[in-house]
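Below: one structure, written as structure tokens.
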Amino acid sequence: MAHIPRMETVTALASIRKLLASYYPCFSRSLSTSRPFLSESDHSHDKHEEEEMVTEEELKSSILDSALNFVPSHGWSVKAIAKGAQQHGYPGVTHGLFPRGGGDLMHHFVRQCNNDISKHLEGLSKDTDKSRNSSELSPSILRDAFQMRLRMLVPYMDHWPQAMALTALPTNIQEHFTNLYKLIDDICYHSGDRSVDFSWYTRRLALLGVYKSCELHIVQDGSHDYQETWDFLDRRLDDFTTAGKVKEDIDRFTNPEFFSAVYTVGRNILGVNDQRR
Amino acid sequence: MHPSLLAKGLSRTSIRGICQRHPRLLAISSYRSASSSDGMTSDKLIDRILRVDHAGEVGADKIYEGQLAVLRNTSVGPLIQEMWDEEKEHRETFEKLIPQHRARPTALLPLWNIAGFTLGAGSAIFGKEAAMACTVAVEEAIGEHYNDQIRQLIEKDPEKHKDLLEILKKFRDDELHHLDTGLENDALKAPLYDTMSGIIKAGCRTAIWLSERI
């Protein structure tokens, strides 16, 4: 089953290449991932003159950036990408460069948001104290990071449920989880987590729960400036911090010395430890 | 299989693909290595190396703890304590390196905690020689494994990974020193040495393979 999308991509790309070749002769060369190609305005000029080289990755990225402008009107769909391509002067069929259609657009957007958050967090931790104890995560950094990330969804809020539905598609699931993992890992690390035991996993799972529940809340929130969502976020982060403290308390009392102390006290109470009975 | 089908269907790339998806096949067909670094970026390789080394040191820490719990008051008690202290130092080094490189610790840590202690205590119950034999088997597997990692890092880029390479080389030498200590203390006199050694080494290789991925 995994081969079928690839065949479709290959035939789609081949037909697009033929179509583009008839409009723009520069497309008759094969497009490889990072080989630069000439933009159509320079094709007829002498090679020694200045050429505007654009790689395929940059081209795709700029088309998707323009496509984001059309999401409020056309949703996370192939139509938005086609409009974005047209804005750059390419024909609408250039959306064939993106086999997952709306999924590719959504992933591009999510990756961009996550990169912005990472940069913001890295800037923050340069200012704060580096020797942070791994048993506390800074609640203020957590709250700010989550709020900032959720606010990035605000311009696309009307169609965000559609994006969330797209993440359930088999072609999108893997990248969805990769992006989520990177986001939660960055937020956890930069708010002070330096754990190297199983709590590395429990903390990230808990924060993932917080993020997902807030995302679900914000898409149906009608309050002014999403104030109810920020209150919801605060309550979830309080739960997270409390759970961490409870775990610490439990850990303090589940060690061998404590149990052997309990055992000895029990024996003393029963009089078993007395030398003379 | 019909020769023409074979030619059409099984290309060299797909056989390599099968071997990459099933590293055990590759391991059996080539030299016995628990790890393979084909097609991995430097970051992913370091992530994997730190994860599995940390898991190994946690395991070793627990093994010595288990052995000491049984053999604390015997003649080898102080020796085991000394080896345990060195393992604790190794573990602390990796616990510092993991956040530094944003690596992920293994999810099987609780399992290795229990398994290590059980192995240590279980081998010590059969006597000092058995405990030393267990040490020898584990240190052999770990020494082989550190050598594989050093080889992988050198293949990738010895200059870039200089610090990590130095750490790995030092730890490998420490582990081999423990191996020699074990041999000096009558490890080979343990009952059923070959069987026990084989089982423990196979267990270590499985643990290494699992920790690299999980």
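Taking only Cα atoms of the stretch B:89-214, what ratio of Rg to Rh do you get with Rh as the Kirkwood inverse-distance radius?
Working: Rg = 15.7 Å, Rh = 15.8 Å.
Radius of gyration over Kirkwood radius for the stretch B:89-214 works out to 1.00.
Put simply, the amide H of residue A:54, placed in the peptide plane, has neighbours under 5 Å in A:37, A:39, leaving out anything fewer than 5 places away on its chain.
Which whole-number percent of Cα pairs in the stretch A:54-119 have a distance greater than 14 Å?
Details: 1103 of 2145 pairs.
Tail of the P(r) past 14 Å holds 51 percent of the pairs.
Going by how many other Cβ atoms sit within 10 Å of their own, how do A:237, B:210, B:71, B:188 line up, fewest first? Don't jump to the answer; show the numbers that get you there.
Details: A:237 20, B:210 17, B:71 23, B:188 14.
The most exposed by this proxy come first: B:188, B:210, A:237, B:71.
Distance between the modelled labels on residue B:160 and residue B:101, one decimal in nanometres: 1.2 nm (7 Å Cα→Cβ projection). Using bins of 5 Å that start at zero, the share of Cα-Cα pairs per bin across the stretch B:141-198 amounts to 4, 18, 21, 19, 13, 10, 8, 6, 2, 0, in whole %. In the calculated pair-distance distribution of the stretch B:43-93, the portion above 16 angstrom amounts to 45 percent of the Cα-Cα pairs.
Rank the residues A:253, A:98, B:117 as a footprinting-exposure proxy: fewest other Cβ atoms within 10 Å of their Cβ go first. Intermediate values should be presented prior to the final figure.
Details: A:253 9, A:98 22, B:117 19.
In order of increasing Cβ crowding within 10 Å: A:253, B:117, A:98.
Shown is the FRET efficiency for residue B:92 and residue A:245, computed with R0 = 30 Å from the Cβ-Cβ distance and rounded to the nearest 0.05: 0.70. Shape summary of the stretch A:143-277, radius of gyration then Dmax from alpha carbon positions: 22.8, 81 Å. Of A:202, B:181, the sequence from fewest to most neighbouring Cβ atoms within 10 angstrom is A:202, B:181.
Here, the stretch B:32-156 has an Rg and a Dmax of 15.6, 50 Å when only alpha carbons are counted. In order along the stretch B:79-94, the Karplus-derived 3J(HN,Hα) couplings, from 6.51 cos²θ - 1.76 cosθ + 1.60 at θ = phi - 60°, round to 5, 5, 4, 5, 5, 5, 4, 5, 5, 4, 5, 4, 4, 5, 4, 5 Hz, and Gly and Pro are given as x. About its Cα centre, the dipole of the stretch B:96-159 is roughly 380 debye, where the only charges are +1 on Lys and Arg Cβ and -1 on Asp and Glu Cβ. Charge dipole of the stretch A:170-260 (Cα centre as origin; +1 on each Lys and Arg Cβ, -1 on each Asp and Glu Cβ, all else neutral): 280 debye, rounded to the nearest 20. Counted residue by residue at 0.36 nm each, then reduced by the alpha carbon distance between them, the extension gain from residue A:182 to residue A:120 reaches 20.9 nm.
Tell me, what is the Rg over Rh of the stretch A:52-196, with Rh the Kirkwood radius over Cα pairs?
Values: Rg = 17.6 Å, Rh = 16.7 Å.
The Rg/Rh ratio comes out at 1.05.
Of the Cα atoms belonging to the stretch A:125-214, the radius of gyration and Dmax stand at 14.7, 42 Å.
Give the average over all directions of the projected area of the C-alpha convex hull of the stretch B:103-175, one decimal, in nm².
Details: hull surface 23.3 nm².
Value for the stretch B:103-175: 5.8 nm².
Couplings 3J(HN,Hα) of the stretch B:68-74, computed from phi: 5, 4, 8, 9, 4, 9, 9 Hz, in residue order, whole Hz [Karplus 6.51 cos²θ - 1.76 cosθ + 1.60, θ = phi - 60°; x for Gly and Pro].
About the Cα centre, and with charges only on the beta carbon of Lys, Arg (+1) and Asp, Glu (-1), how big is the dipole of the stretch B:137-179? Nearest 20 debye, please.
180
Rounded to two decimals, the Cα-based Rg/Rh of the stretch A:169-220, with Kirkwood Rh, is 1.03.
Please give the contour-minus-distance gain from residue A:174 to residue A:55: 0.36 nm per residue of separation, less the Cα-Cα distance, rounded to one decimal in nm.
Details: separation 119, 0.36 × 119 = 42.84 nm, distance 2.55 nm.
Stretched out fully, the residue A:174 to residue A:55 stretch lengthens by 40.3 nm.
Laboratory data are not the source of any read-out in this text; all were calculated from the coordinates shown. All values reported here derive from a predicted model rather than from experimental measurement. Quick reminder, even Gly has a Cβ in these numbers, built from the backbone with ideal geometry, and neighbours come from all protein chains shown.
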